[in-house]
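What follows is a set of notes on a single structure, which appears directly below.
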Amino acid sequence: MRNSSTGTLRAIAASAVLSFLVSAQGLAGTFTVDSTMPTGGTNFANLTDAVAALTTTGVSGPVTIDLIQNTVADFTTPMPWRPLVGAGATAWGGNAILTLDQFPGVSPVARVKFRTAASSPITPVVFDVGASTAMVGIFFQGADYVTIENIEIKNAEHDGIMFYGEVQMIGGSPANALNSFSASEHNVIARCRIHHNNGTAITLYGNAPQPGDITIENCFFWNNCLAMTAPFNNFGRYGHITGRRNNNVKVRFNSFYQSLPMPTAAATVGGTATTLATCFLGNYNNTGTNWSQCAGNVFHIATPTIGAGFYHWINLAAPFTNIPGQLNGVAPGVGAFAPGETALHNKNIYWISPGMISTPNFGTVLGVARANLAAYKSAIAATGAPGGTAGADAASIYADPLYGSPAIGVLAVAGGSPVIDFGPTNLGVGIDINSLPRIGLAPDAGADETSIPGAAFGASVVSGPAPLAVQFTDLSTPLLPAPIISWSWDFDGDSVSDSSAQHPLHVYNVPGIFSPTLTVSDGTLAGTSTVSAGNFISVGPWALTATTLGQGDLTITPVPEIGVPGVGQGYTLLSLNTSAPIGAGWFGGITFDTLTLACLQTPMGPGNPLHYQTGFAGLYPGTSTPAPLILPSGTLTPFFPTGTVLDLVQAHFDTNGNLIGMSNVVRANL
């Protein structure tokens, strides 16, 4: 093999983590759940039909399920979760308003999202579990790559959301073969309101396997853990978010508030029955349990019944490894951190309303109550655990967040609140609980971004595959009585003005994470304001398409030029091995064979149109107006008989053969 090709081959082999399972006839695109319409086309009459379609058909690309709620009764029908099988089968079973199985074909670029539709008469959509016979709001029984966004969950008999990882349920049995490879990973809970549940807001419970790589952000949790009734009061579930054997959980930019009494929870420690004092965040049994982030949150205690303060970290084995900001136990999965993001336990705000806790207790570490933030930091630093423990909460503060009316779900704060511009800046959390961008010098701590005079903007969409069309909306407020008369937009963060329109439309043609900036002015120096939304726009891989028009014909609509300096060449890789589902191959999503190798070995040039150089006008895929690669009739006939099935994927590399970006996999019949 040629040296130049060897480097490229090595780069693709190293990128095998980008391979993904996609069903040949899987769902892709946006669907609705609207009870006023029958199931058919792009609508499901209820959540049960939607989940059944996802479970049986799978997905072949990103899927968004927009929930439309006309009455509270729309989302009250319980969905049973799979009972345990084998050992422990008699333990328990139950149901939820939304029960999530593994969906075939899900991947980092083919996620499934359940969210409130913009057109929903009730917004956000409410899962009132108390109006249902369900036990919990949402139950994950092995689902991977699922996002729950902008949903309110309340009045559950037990938990708001439960992630459950158990060998008897998720794998280890022919009856559960669909989930034999799943451990409830890479899921996101975003911009949700979870309150007035008898149990936890979110439980992360695992044995083998264990839930992992869970992100919980921009949510508001208030007045949970009200009863802790059986059968769920004996698993160490005693906080708004409770973990028992889970890995790499990120809790960031959330608001926590409790003004109602919280009872103690039952537990068994070392075979002995005991009770656990309630708290906001807790981990029980550190075997394979860790929290990779707890940052930018606001915690407010307004009841005297929280026995363990803000945290309760219980250690059953040495060394102590289960506090936030660590990456111990099972290694983090792919996508655990964004570029530049690190494990972090910091920049949180804590506050106990005066007189609410008679015996001061900030948090419990190794079974000992710590009276205040300083004592807590000293205690966790003294444990000697790896992963940055000594610096945990180094910049966190104890201060009144000055929330409006959190007991009734109102978070808005006035000027002077310590939450303003306090949050960490490197976590890529671009929008708040109300879909507004994080603005200012830094994101505000907590779920809600404060509205202050000056430049501000919103976007019609903040993530999706390239090319991604984003309609920006100016939301600025004049600093002075004079009106704003000019706008300057920098969409990609290169400090170059891209538009002067007030509400521009911009198309992101290449994948990446972008931080748009808006500068507005009323014509005076004092009336100029600039805001930048860090990591606000996330553009995923391009969508490649292929069509055939006749014998030996092939038309490939390429992805746009990569647009990254230093990119020198690309391939449209072909494979004849199509026995597996589209995208299931280990080699960039296709299954390696001699044809793929031949594509890599052939030098780029006129004789190999599938191997191209970027940066030269007129060459596929082109630099000004990317055009399809069209192989005329008969071009492929000498190589492939009519009816040949091909898998194709397009990849871009830099001049050293390092992989820069990759498209999806498509299948063509010649």
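The values are calculated or read from the model by the stated rules, or taken from the named source; none is laboratory data. The structure presented is a predicted model; accordingly, all values stated were derived computationally and were not measured. Glycine also receives a Cβ, built like all others from the backbone with ideal geometry; neighbour counts cover every protein chain displayed.
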> If you check 232, 256, which single one turns out to be at pLDDT 80 or above and among the aromatic types (Phe, Trp, Tyr)?
Replying inline: 256
>> If I ask for residues that are assigned to a strand (DSSP E or B) and touching a strand residue (DSSP E or B) at 6+ places or on another chain (Cβ under 8 Å), which ones from region 364-384 would you list?
In response: 364, 365, 369, 370
> Given the residues 427, 479, 441, which is the only one that is part of a loop (DSSP other than H, G, I, E, B) and in contact with a helix residue (DSSP H, G or I) (Cβ under 9 Å, 6 or more places away or on another chain)?
Replying inline: 479
> If you check every pair at least six apart or on different chains, which have Cβ atoms under 6 Å apart with a residue in region 44-55 that is outside the structural domain of residue 104 (by TED's automatic domain parsing) first and a residue that is assigned to a helix (DSSP H, G or I) second?
Replying inline: 44/50
>> Can you go through 473, 450 and tell me which one is assigned to a loop (DSSP other than H, G, I, E, B), over 21 Å from the mean Cα position of the chain (by Cα) and within 28 Å of residue 412 (Cβ to Cβ)?
In response: 450
> Name the residues in region 406-424 that are assigned to a loop (DSSP other than H, G, I, E, B) and in contact (Cβ under 8 Å) with a residue 60 or more places away in the chain, would you?
Replying inline: 409, 418, 419, 422, 423, 424
> When you go through 41, 93 one by one, which is the residue that is under 27 Å from residue 221 (Cα atoms), without any contact (Cβ under 8 Å) to a residue 40 or more places away in the chain and surrounded by fewer than 17 Cβ atoms within 10 Å (Cβ to Cβ)?
Replying inline: 93
> So which residues in region 372-411 are modelled with pLDDT of 80 or more, among the hydrophobic types (A, V, I, L, M, F, W, C) and either touching a Gly at 6+ places or on another chain (Cβ under 6 Å) or surrounded by 14 or more Cβ atoms within 10 Å (Cβ to Cβ) (or both)?
Replying inline: 373, 375, 379, 392, 397, 399, 402, 407, 410, 411
> In region 102-137, what count of residues is obtained for those that are assigned to a strand (DSSP E or B) and not aliphatic (A, V, I, L, M)?
Replying inline: 8
>> Need pairs with beta-carbon distance below 7 Å; first residue touching a residue at least 12 places away in the same chain (Cβ under 8 Å) and within region 115-129, second surrounded by fewer than 16 Cβ atoms within 10 Å (Cβ to Cβ); sequence gap 6+ or separate chains.
In response: 116/123; 121/70; 126/72; 128/72
> Residue check: is residue 142 at pLDDT below 90, buried (at least 16 other Cβ atoms within 10 Å of the Cβ) and assigned by TED's automatic domain parsing to the domain that holds residue 206?
Replying inline: yes
>> Taking the criterion of being surrounded by 14 or more Cβ atoms within 10 Å (Cβ to Cβ), at pLDDT 50 or above, outside the structural domain of residue 647 (by TED's automatic domain parsing) and over 27 Å from residue 612 (Cα atoms), would at least one residue in region 13-26 satisfy it?
In response: yes
> Where in region 487-581 are there strands (runs of 3 or more DSSP E), lying wholly inside it, with at least 3 residues that are modelled with pLDDT under 80?
Replying inline: 545-547, 554-557, 567-575
> Any idea how many residues of region 508-527 are closer than 17 Å to residue 474 by Cβ and touching a residue at least 40 places away in the same chain (Cβ under 8 Å)?
Replying inline: 7
